[in-house]
């Protein structure tokens, strides 16, 4: 789930979100993207069936 | 008797015996605010006139035999996210500068009913998240123990004003550590009660499922007094819990013999190592509890980074949902720290949020299973004493997982208690965490510790 994005791509994402961010500030914000990457990887680790709301779906482990 | 640096419990005793007048107490606080607050910026708005009016009213009521209880005539501060009728509630932000609510937050109404006197609205990080910031309409609060140091946040003004003796307590809020961190850095006590125990109606929240309204004061006993007034079911708050409220002050027996304490060293020695001063102070506290007759056992949980990621993803996604419209239309009206953190929050997807909530269920189950064998657990609040204020960067929030966030995820009661000082005189702290709705035991343990240690005798010299 790594977001390997450059400043230009980041600018497009923010434009799509409707955020008008000056270029200089965008470069500063880009420094923080790695932290979001790390956190989203962390929450995507394998989970038990108990975290699936209906407790019914279980993918075979080798497919995950 | 000098009314400087009284605790709520001490002042209440004097007021009840009519040895101290609420007018005298309020005047003394206002004088200290006048003398000191220019150095620590803890107040956004001082309500001197209305506080004096309320103090005179309290004095008349008490003189005529209508004493309301331990908060009657006690000066307190409100974090400026608590709505107050006809008084601006700004969230320390330009965005909200002209927001004047029509009614008080439910918990403010309860504090007033208990006779507390509102001295003013105190500083916060912008919308309880962006700080310390120097580009907002008001400067950031500074630490009374050393004004070049950070207060912690987001309840920055609460921590600073209480430590400096400008108010005797306050209402604050905690999403990932916003009560406990400033309590730790400013050397006061601060409890994040069980989720839903205090109504959030009229309190501007940061994240729907993580925000806890709570209290801060000089001692755990004072926190118990404040919590007693504020806790209780509010049918108009969807997350308020209809749970019996015990007598928190009656629980403060000073006796903790036989209690089972789990020590969660893993968080602050392996996962996110704290400095030696913090670790040593906590070890001394553990010995103290052993001497008081508690049983001590080391415990472990999933790594702190997993708790941090789970909590932060939820916090950011929920906060972004709250601020999305203003971020689109008024981006530059926010302070840079808040808006830059929120811009990153915009990168979080629906799937990220769902994965985090799924992980939250697992982590909460894990914690609750562990707690079956313990009355409380003990861990660090922060990794070190207060850093210099200019060292706190825009992404400091993301760089290292917070030691406080796990208990926002679980909704458990958790208090920060001063457990010593560094060689340079800055406060150190530990965190005591209990089972959901067992806030009374958390307060009991914290109070017993404070009673048998000397840390509450020292105050900052400003």
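Before moving on, here are some points about what is shown:
- Applying the set (1) more than 11 Å from chain A (Cβ to nearest Cβ); (2) more than 30 Å from residue A:51 (Cα to Cα); (3) under 25 Å from the mean Cα position of the chain (by Cα) to residue B:291 leaves exactly one unmet item: (3).
- Residue B:386 surrounded by 24 or more Cβ atoms within 10 Å (Cβ to Cβ), assigned to a loop (DSSP other than H, G, I, E, B) and either within 12 Å of chain A (Cβ to nearest Cβ) or touching a helix residue (DSSP H, G or I) at 6+ places or on another chain (Cβ under 6 Å) (or both): yes
- Residue match in segment B:16-32 (condition: surrounded by fewer than 24 Cβ atoms within 10 Å (Cβ to Cβ) and within 23 Å of the chain's Cα centre (by Cα)): yes
- When residues in segment A:20-32 are screened for being at the interface with chain B (Cβ under 7 Å from one of its Cβ atoms) and either under 22 Å from residue B:349 (Cβ atoms) or not in a helix (DSSP H, G or I) (or both), 5 of them pass.
- Test: residue B:226 is at pLDDT 95 or above, surrounded by fewer than 24 Cβ atoms within 10 Å (Cβ to Cβ), in contact with a strand residue (DSSP E or B) (Cβ under 9 Å, 6 or more places away or on another chain) and within 25 Å of residue B:178 (Cβ to Cβ): no
- Among residues of segment A:4-15 being more than 9 Å from chain B (Cβ to nearest Cβ) and assigned to a helix (DSSP H, G or I), the one that is nearest to residue B:327 (Cα to Cα) is A:15.
- From the options B:74, B:8, B:95, residue that is crowded, with 17+ Cβ neighbours inside 10 Å, in contact (Cβ under 8 Å) with a residue 24 or more places away in the chain and out of contact with any strand residue (DSSP E or B) (no Cβ under 7 Å at 6 or more places or on another chain): B:95
- The residues of segment B:16-48 that are farther than 21 Å from residue B:460 by Cβ and touching a helix residue (DSSP H, G or I) at 6+ places or on another chain (Cβ under 6 Å), listed by number, are B:20, B:21, B:22, B:23, B:26, B:48.
- Test result for residue B:56, more than 30 Å from residue B:388 (Cα to Cα) and surrounded by fewer than 23 Cβ atoms within 10 Å (Cβ to Cβ): yes
- Flag if residue B:394 is more than 26 Å from residue B:213 (Cβ to Cβ) and within 14 Å of chain A (Cβ to nearest Cβ): yes
- For segment A:33-55, taking the residues that are assigned to a loop (DSSP other than H, G, I, E, B) and either within 17 Å of the chain's Cα centre (by Cα) or touching a residue at least 60 places away in the same chain (Cβ under 8 Å) (or both), the one that is farthest from the other protein chains (Cβ to nearest Cβ) is identified as A:46.
The values are calculated or read from the model by the stated rules, or taken from the named source; none is laboratory data. The model shown is predicted, which means the values in this text are computed figures rather than measured ones. Neighbour counts run over all protein chains shown; Cβ positions are idealised from the backbone, glycine included.
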